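The structure appears right after this line, and notes come after that.
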């Protein structure tokens, strides 16, 4: 059957997901249109295709134990010079993301693996592009804000064309979070250029 490359992440919903994906493409990141906007729980991981059924069972169990939580993005950050990444920061929901990713990668489960860097939840907006474009991404999205209730995560597979496609969503088992209070009009929008 061979191997497949998978990832597990929290999708950034619309309109935020498309908006950030378009901005990422606009900064010159060639991978932008192949990667849906997300918060990583399991980075790209090669697995035996025959293991997908047991992986889905594991992810369903993790999701059933999880509870919905509020996610809020605000401002930018960077991993430079350690890693050529600029991201939108998670200012609410990071602890819940850390809890989820730890359980997804549980040492007794089918997705046990070590990470190259300590886990730091974020939304990538530029990766591996020239420094001037990275600086522009960092500055232009510095006042970006968005929020939404997180109620699930998703399993993705990377195709031979390097595009990531969703295989399945895994809904959380707990009660839903209360409706978010509507924020000022500029929330979830970009500053004027």
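Taking into account only those residues within region 1-28 that are touching a residue at least 60 places away in the same chain (Cβ under 8 Å), more than 26 Å from residue 111 (Cα to Cα) and in contact with a helix residue (DSSP H, G or I) (Cβ under 8 Å, 6 or more places away or on another chain), which is surrounded by the most Cβ atoms within 10 Å (Cβ to Cβ)? Full working, then the answer.
Start the filter on region 1-28 by keeping residues that are touching a residue at least 60 places away in the same chain (Cβ under 8 Å), which leaves 4-13, 15-16, 19-20, 23-24, 27-28.
Subsequent filtering for residues that are more than 26 Å from residue 111 (Cα to Cα) retains 15-16, 19-20, 23-24, 27-28.
Of the ones still in play, those that are also in contact with a helix residue (DSSP H, G or I) (Cβ under 8 Å, 6 or more places away or on another chain) are 23-24, 27-28.
Values: 23: 20, 24: 25, 27: 23, 28: 15.
So, considering only residues that are touching a residue at least 60 places away in the same chain (Cβ under 8 Å), more than 26 Å from residue 111 (Cα to Cα) and in contact with a helix residue (DSSP H, G or I) (Cβ under 8 Å, 6 or more places away or on another chain), the one surrounded by the most Cβ atoms within 10 Å (Cβ to Cβ) is 24.
Failed condition for residue 41, given (1) part of a strand (DSSP E or B); (2) farther than 21 Å from residue 101 by Cβ, with all others met?
(2)
Out of all the residues in region 141-163, is one or more without any contact (Cβ under 8 Å) to a residue 24 or more places away in the chain, more than 24 Å from residue 72 (Cβ to Cβ) and not in a helix (DSSP H, G or I)?
Taking every residue of region 141-163 in turn, at least one turns out to be without any contact (Cβ under 8 Å) to a residue 24 or more places away in the chain, more than 24 Å from residue 72 (Cβ to Cβ) and not in a helix (DSSP H, G or I).
With surrounded by 12 or more Cβ atoms within 10 Å (Cβ to Cβ), at pLDDT 95 or above, touching a helix residue (DSSP H, G or I) at 6+ places or on another chain (Cβ under 9 Å) and more than 17 Å from residue 39 (Cβ to Cβ) as the only criterion, which of 88, 104, 163, 150 stands out?
Residue meeting the stated conditions: 163.
Of these, 52, 42, 82, 73, which one is farther than 18 Å from residue 173 by Cβ and at pLDDT below 95? It would help to see each step written out before you state the result.
Values: 52 fails: at pLDDT below 95; 42 fails: at pLDDT below 95; 73 fails: at pLDDT below 95.
Answer to the check: 82.
Which one of these does residue 158 not meet: (1) over 19 Å from residue 31 (Cβ atoms); (2) out of contact with any helix residue (DSSP H, G or I) (no Cβ under 6 Å at 6 or more places or on another chain); (3) at pLDDT 55 or above; (4) surrounded by 14 or more Cβ atoms within 10 Å (Cβ to Cβ)?
(1)
What do you reckon, is residue 52 touching a residue at least 40 places away in the same chain (Cβ under 8 Å), in a helix (DSSP H, G or I) and farther than 17 Å from residue 134 by Cα?
So residue 52 fits the description; yes.
Give all pairs with beta carbons closer than 8 Å in which a residue from region 91-106 that is over 16 Å from residue 154 (Cα atoms) meets a residue that is modelled with pLDDT of 95 or more and part of a loop (DSSP other than H, G, I, E, B); count only pairs at least 6 apart in sequence or on separate chains.
Filtered contacts from region 91-106: 93/121; 94/121.
Just to be sure, is residue 145 exposed (fewer than 13 other Cβ atoms within 10 Å of the Cβ) and either modelled with pLDDT of 95 or more or in contact with a strand residue (DSSP E or B) (Cβ under 7 Å, 6 or more places away or on another chain) (or both)? Can you show your working first?
Working: exposed (fewer than 13 other Cβ atoms within 10 Å of the Cβ): no; either modelled with pLDDT of 95 or more or in contact with a strand residue (DSSP E or B) (Cβ under 7 Å, 6 or more places away or on another chain) (or both): yes.
No: the conditions fail for residue 145.
Given the residues 63, 137, 96, 126, which is the only one that is part of a strand (DSSP E or B), buried (at least 19 other Cβ atoms within 10 Å of the Cβ) and either within 17 Å of the chain's Cα centre (by Cα) or modelled with pLDDT of 95 or more (or both)?
Working: 63 fails: part of a strand (DSSP E or B); 137 fails: part of a strand (DSSP E or B); 96 fails: part of a strand (DSSP E or B).
Answer to the check: 126.
The values are calculated or read from the model by the stated rules, or taken from the named source; none is laboratory data. Keep in mind the model is a prediction, meaning the values are calculated, not measured. Because the Cβ atoms are built from the backbone with ideal geometry, glycine has one as well, and the counts that use them run over all protein chains shown.
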